[in-house]
Amino acid sequence: EFPALVGGWTVIEEDETDFEGPVFGFEWNVPLFDRRQGERTRSDRALEVARARLELSRRQAAAELDAARESYDHLRVVAHEVAETMSGTETVIEAATAEFQAGESALTDFLETLRSVTDSRLAVLELHQAALAAHRRLELSVGRPLTDGGSQ
């Protein structure tokens with residue numbers, strides 16, 4: 001604190017002389033017995049900074065968890081929809097085989113159809129693998145197994 005200007009009226013009574021009158025002076029609190037005040041202030045500020053960093057870390061972790069959950073949900077839904085769509089590939093293979101055996105298509109066309117179906121199935125498997133990897137990352141970020149699963 002800064003020094004303060006003080007004033008007042010005083011009466012001093014002694015044996016032979018009495019004094020009565022105004023008194024002016026400075027008042028300044030000097031912390032003689034309150035040492036390490038600066039260190040306490042620094043530690044208080046360091047505590048505030050640590051708390052702010054903790055809150056920031058918590059918010060970032062919550063945002064990352066929300067993003068991981070949304071990513072997993074989206075991948076799971078898309079993988080399930082694509083797997084349902086790909087259930088008709090057996091019909092495509094049977095039709096291509098029948099055309100080839102009947103002599104209505106060339107070997108190149110038949111093999112191209114089989115390659116396309118195989119590539120499509122591989123893409124479905126890769127999408128399913130990405131959904132399962134997102135599920136694992138989500139479980140790791142939560143710190144426990146997810147009971148609802150949903151990794152179909």
Return yes when Ala68 is open to solvent by less than 80 Å² (accessible area, probe 1.4 Å), within 30 Å of Arg144 (Cα to Cα) and either in a helix (DSSP H, G or I) or of a type in the set (Lys, Arg) (or both) and no when it is not.
yes
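Do we find that Ala52 is under 23 Å from Ser141 (Cβ atoms) and exposed (fewer than 11 other Cβ atoms within 10 Å of the Cβ) in this structure?
Values: under 23 Å from Ser141 (Cβ atoms): yes; exposed (fewer than 11 other Cβ atoms within 10 Å of the Cβ): yes.
Yes, satisfied.
When you scan segment 1-11, do you find a residue that is closer than 28 Å to Leu132 by Cα, small (Gly, Ala, Ser) and within 53 Å of the chain's Cα centre (by Cα), even just one?
no
Please verify whether Glu139 is loosely packed, with under 15 Cβ neighbours inside 10 Å, among the charged types (D, E, K, R), within 33 Å of the chain's Cα centre (by Cα) and assigned to a helix (DSSP H, G or I), treating the condition exactly as stated. Step through it out loud before you land on a result.
Working: loosely packed, with under 15 Cβ neighbours inside 10 Å: yes; among the charged types (D, E, K, R): yes; within 33 Å of the chain's Cα centre (by Cα): yes; assigned to a helix (DSSP H, G or I): yes.
It is true that Glu139 is loosely packed, with under 15 Cβ neighbours inside 10 Å, among the charged types (D, E, K, R), within 33 Å of the chain's Cα centre (by Cα) and assigned to a helix (DSSP H, G or I).
Do we find a residue being under 16 Å from the mean Cα position of the chain (by Cα) and outside any loop (DSSP other than H, G, I, E, B) anywhere in segment 110-132? Reasoning before the result, please.
First, the residues of segment 110-132 that are under 16 Å from the mean Cα position of the chain (by Cα): none.
No: segment 110-132 contains no residue that is under 16 Å from the mean Cα position of the chain (by Cα) and outside any loop (DSSP other than H, G, I, E, B).
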When both residues are 6+ apart or on different chains and their Cβ atoms are under 6 Å apart, which pairs have a first residue that lies in segment 72-84 and is touching a residue at least 12 places away in the same chain (Cβ under 8 Å), and a second that is open to solvent by 50 Å² or more (accessible area, probe 1.4 Å) and of a type in the set (Ser, Thr, Tyr)?
none
I'd like to know if segment 29-43 contains one or more residues that are assigned to a strand (DSSP E or B), open to solvent by 100 Å² or more (accessible area, probe 1.4 Å) and not acidic (Asp, Glu).
no
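The values are calculated or read from the model by the stated rules, or taken from the named source; none is laboratory data. In this text, all values refer to a predicted model and were calculated from it rather than measured experimentally. Backbone-built Cβ (ideal geometry, glycine too); neighbour counts: all protein chains shown. These accessible areas exclude ligands, DNA and RNA; they are computed on the full protein's heavy atoms, side chains included. Shrake-Rupley method; radii C 1.70, N 1.55, O 1.52, S 1.80 Å.
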